[in-house]
Amino acid sequence: MAKVQCISPVDGSVYAERGYLTEIDAAKRIKRAQNSQKIWVKVPLHERIQLVEAGVNKLEESNDQIINELAWQMGRPIRYGGEFNGVHERASYMASIAADALNDITIENSSAFKRIIKRIPHGVVLVIAPWNYPYMTAINTIVPALIAGNSVVLKHASQTPLVGERLSDAFHAAGVPKDVFQNLFLDHQTTSKLISAKSFNFVNFTGSVAGGKAIEVAASGTFTHLGLELGGKDPGYVMEDADINNAVETLIDGSMFNSGQCCCGIERIYVNKNLFKPFIEKAVTIVQDYKLGNPLKEETTLGPVANINLANNIRTQSKNAISSGAKPLIDPLFFPQDSGTYVMPQIFVDVNHSMSIMRDESFGPVVGIMPVENDQEAIKLMNDSPFGLTASVWTQDISRAEEIANQIETGTVFMNRADYLDPALCWTGIKDTGKGGALSAIGYQNLTRPKSFHLKI
């Protein structure tokens, strides 16, 4: 039997191993999901909400165990306490708006006609979740999908195979039927075949651009609804009137937290030329104080990246930048642990958009910083990217921020913050970052379909 293996970035050991389902066995499980969904959708909405919220609460009971498992599986330091706060915030908000978001739209209710639009669940929703924030990214779709009356099949990343088990165990313990929420171990080939066979009514994929293209190919001609949350190269722009201390601290944290492995992490920074020097000086000081090492040690602030291939890509990208004239500002002597999956943080200046480090997703603890003359130059550079997930602008002038935000090609614009997902706002991207939208009331719209009723009395 083919197996999924989690090779721990901590020490290179096999941390977890599970067998893949065959295509036949997977099809049987999905058939159960289809049948169970017809029963689940008849459960009153308030009861579905209660069961889903109870599942999230059950998950919290395992948080101490989960924190250690995350360190072993993908390298996040235990000092940061896992993901439950974010999971709870997103789940609670989506539960709180469900009744309104899923409510019928009444056009007419008279003695002559009843005309309404109802929100109908798609049916079976496949969630393909990534390893970098394995609980929060999965919960973005799982919670509203279940509340809306769908059944859910979860295929989690091979780097974090235990996450799907923890999620399904928690929801089952809370009373969500086992066939309504299933965690399946599927290889890429089987997943593609199942999508091509129209096994799912909605597929939400979070991952690489290449992975998103593979999903689109598999779904081609099936008319399966897709949500694709793909790559990013998110910019930050610091204007001359910015609170420089807040800007530096937040943007550098947004670049380096989780070893730079954040969907909306800051990967390029543009600073007004008058603030460039002090910004750089403060940024270097912050980064030099990081502690790279074993994520299971409390003093560690920067753990390993998830796997050696990712580490090698980051190092290659950095070497190519240096050979093209980029200047690294962090002395390797501060990070003697730099080896294998343990990648030292780095700040690059003297960079430009001909370099991969300013153009292609790094997904590691590296960031390029450029001075800019004015807003027009900053906007041009921020838009000079195949990606569009988030952008961050730093100023005291909200009108100016909104004017600039209107011109940035991205899914979300932040002012004076970064690297955050607000569940009340739609999580979406443009260009190669993907399509669709999660969370907010729009998330419910994407996880359901409209059905019109024109009833003549």
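Restricting to segment 421-445, what's the tally of residues that are in a helix (DSSP H, G or I) and out of contact with any Pro (no Cβ under 9 Å at 6 or more places or on another chain)?
Summing the residues that are in a helix (DSSP H, G or I) and out of contact with any Pro (no Cβ under 9 Å at 6 or more places or on another chain) in segment 421-445 gives 3.
Return the total of residues in segment 392-406 being under 30 Å from LEU226 (Cα atoms), without any contact (Cβ under 8 Å) to a residue 60 or more places away in the chain and surrounded by 15 or more Cβ atoms within 10 Å (Cβ to Cβ).
The number of residues fulfilling the criteria is 1.
Checking the structure you have, find out if any residue of segment 398-417 is under 21 Å from PHE276 (Cβ atoms), in contact with an Asp or Glu (Cβ under 7 Å, 6 or more places away or on another chain) and among the small types (Gly, Ala, Ser).
no
Looking for something out of contact with any Ser or Thr (no Cβ under 8 Å at 6 or more places or on another chain), under 22 Å from CYS262 (Cα atoms) and among the hydroxyl-bearing types (Ser, Thr, Tyr) - is there at least one such residue anywhere in segment 49-64?
no
Give segment 407-453 a look and list any residue that's more than 19 Å from GLY227 (Cα to Cα) and hydrophobic (A, V, I, L, M, F, W, C), or say none.
Scanning segment 407-453 gives ILE408, VAL413, PHE414, MET415, ALA418, PHE453.
Considering only residues that are modelled with pLDDT under 95 and either surrounded by fewer than 18 Cβ atoms within 10 Å (Cβ to Cβ) or out of contact with any Leu (no Cβ under 8 Å at 6 or more places or on another chain) (or both), which ones fall in segment 411-443?
ASP419, TYR420
Looking at segment 207-303, what strands (runs of 3 or more DSSP E) fall wholly within it and have at least 1 residues that are among the charged types (D, E, K, R), under 20 Å from GLU377 (Cα atoms) and in contact (Cβ under 8 Å) with a residue 12 or more places away in the chain? Spell out how you get there, then give the answer.
On the way: elements: 225-229, 234-238, 266-272.
So the answer is 234-238, 266-272.
What residue, of ILE7, ILE107, is touching a Lys or Arg at 6+ places or on another chain (Cβ under 8 Å) and either exposed (fewer than 15 other Cβ atoms within 10 Å of the Cβ) or under 30 Å from CYS262 (Cα atoms) (or both)?
Numbers: ILE7 fails: touching a Lys or Arg at 6+ places or on another chain (Cβ under 8 Å).
Being touching a Lys or Arg at 6+ places or on another chain (Cβ under 8 Å) and either exposed (fewer than 15 other Cβ atoms within 10 Å of the Cβ) or under 30 Å from CYS262 (Cα atoms) (or both) holds for just one of ILE7, ILE107, which is ILE107.
From the residues in segment 51-78 that are free of Cβ contacts under 8 Å to residues at least 24 places away in the same chain and crowded, with 16+ Cβ neighbours inside 10 Å, which one is nearest to ALA148 (Cα to Cα)?
Of everything passing the filter in segment 51-78, ASN63 is nearest to ALA148 (Cα to Cα).
Looking at GLY75, GLY86, GLY82, which one is at pLDDT below 95, within 18 Å of the chain's Cα centre (by Cα) and not assigned by TED's automatic domain parsing to the domain that holds GLN261? Please lay out each step first, then the result.
Details: GLY75 fails: at pLDDT below 95; GLY86 fails: at pLDDT below 95.
Only one candidate qualifies: GLY82.
Can you tell me which condition LEU275 does not meet? The list is (1) surrounded by fewer than 22 Cβ atoms within 10 Å (Cβ to Cβ); (2) in contact with a Lys or Arg (Cβ under 7 Å, 6 or more places away or on another chain), and all the others hold.
(2) is the only condition that LEU275 fails.
Matching residues to (1) surrounded by fewer than 24 Cβ atoms within 10 Å (Cβ to Cβ); (2) farther than 23 Å from ASN374 by Cβ; (3) not assigned by TED's automatic domain parsing to the domain that holds LEU439:
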{"position": "PHE223", "(1), (2), (3)": "yes, yes, no"}
{"position": "MET239", "(1), (2), (3)": "yes, no, yes"}
{"position": "VAL248", "(1), (2), (3)": "no, no, yes"}
{"position": "PHE257", "(1), (2), (3)": "yes, yes, yes"}
{"position": "ILE269", "(1), (2), (3)": "no, no, yes"}
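Within segment 293-313, which residues are surrounded by 21 or more Cβ atoms within 10 Å (Cβ to Cβ) and over 23 Å from PRO161 (Cα atoms)?
Scanning segment 293-313 gives a single hit, THR300.
Report yes if some residue within segment 306-314 is in contact (Cβ under 8 Å) with a residue 40 or more places away in the chain and in a loop (DSSP other than H, G, I, E, B); otherwise report no.
Scanning segment 306-314, I find at least one residue that is in contact (Cβ under 8 Å) with a residue 40 or more places away in the chain and in a loop (DSSP other than H, G, I, E, B), so the answer is yes.
Hey, any hits in segment 319-332 for a residue that's touching a residue at least 40 places away in the same chain (Cβ under 8 Å) and of a type in the set (Val, Ile, Thr)?
For segment 319-332, residues touching a residue at least 40 places away in the same chain (Cβ under 8 Å) and of a type in the set (Val, Ile, Thr): present.
Considering only segment 350-363, how many residues are surrounded by 18 or more Cβ atoms within 10 Å (Cβ to Cβ) and either in contact with a Lys or Arg (Cβ under 9 Å, 6 or more places away or on another chain) or outside the structural domain of MET239 (by TED's automatic domain parsing) (or both)?
Summing the residues that are surrounded by 18 or more Cβ atoms within 10 Å (Cβ to Cβ) and either in contact with a Lys or Arg (Cβ under 9 Å, 6 or more places away or on another chain) or outside the structural domain of MET239 (by TED's automatic domain parsing) (or both) in segment 350-363 gives 6.
Just checking, does segment 354-370 include any residue being free of Cβ contacts under 8 Å to residues at least 12 places away in the same chain and under 27 Å from VAL271 (Cα atoms)?
no
Test each condition in (1) hydrophobic (A, V, I, L, M, F, W, C); (2) buried (at least 19 other Cβ atoms within 10 Å of the Cβ); (3) touching a strand residue (DSSP E or B) at 6+ places or on another chain (Cβ under 7 Å); (4) more than 17 Å from PHE202 (Cβ to Cβ) for ALA33 and report the one that comes out false.
(4)
The values are calculated or read from the model by the stated rules, or taken from the named source; none is laboratory data. Only a predicted model underlies this, so the values are computations on that prediction, with no experimental measurement involved. When we count neighbours, we look across all protein chains shown, and the Cβ atoms used for this are built from the backbone with ideal geometry, even at glycine.
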